[in-house]
Amino acid sequence: MVVSTYTVQGMTCGHCVTAVTNEVGQVAGVTDVAVDLAAGQLTVTSQEPVDDRSVAAAVEEAGYQVVAG
């Protein structure tokens, strides 16, 4: 199991959490998505490493941005 954490900018409410969760959950290989709204963190669980660019693209599709850490 691989767990990756990302910082997401622009999330302010429950709708934001739902949008990010739904989009990132569609990325190939992702088995679980957890969003911490207060911390602005996205945690992605997968069986194999997922492409960071695919996760960032899914976050952008939801209307937000992954911030380089």
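Some notes on this structure:
- Identity of the residue in the stretch 16-69, in contact (Cβ under 8 Å) with a residue 60 or more places away in the chain and part of a strand (DSSP E or B), that ends up surrounded by the most Cβ atoms within 10 Å (Cβ to Cβ): Val66
- Of all residues in the stretch 1-15, those that are touching a residue at least 60 places away in the same chain (Cβ under 8 Å) and in contact with a Leu (Cβ under 6 Å, 6 or more places away or on another chain) total 1.
- Restricting attention to the stretch 1-21, the residues that are within 11 Å of the chain's Cα centre (by Cα) and over 13 Å from Tyr64 (Cα atoms) add up to 2.
Taken together, the values in this text are just the output of simple stated rules run on the coordinates, not laboratory data. Bear in mind that the values here come from a model prediction, so they are computed numbers and not experimental data. In this analysis, Cβ positions are derived from the backbone assuming ideal geometry, glycine residues included, and neighbour counts consider all displayed protein chains.
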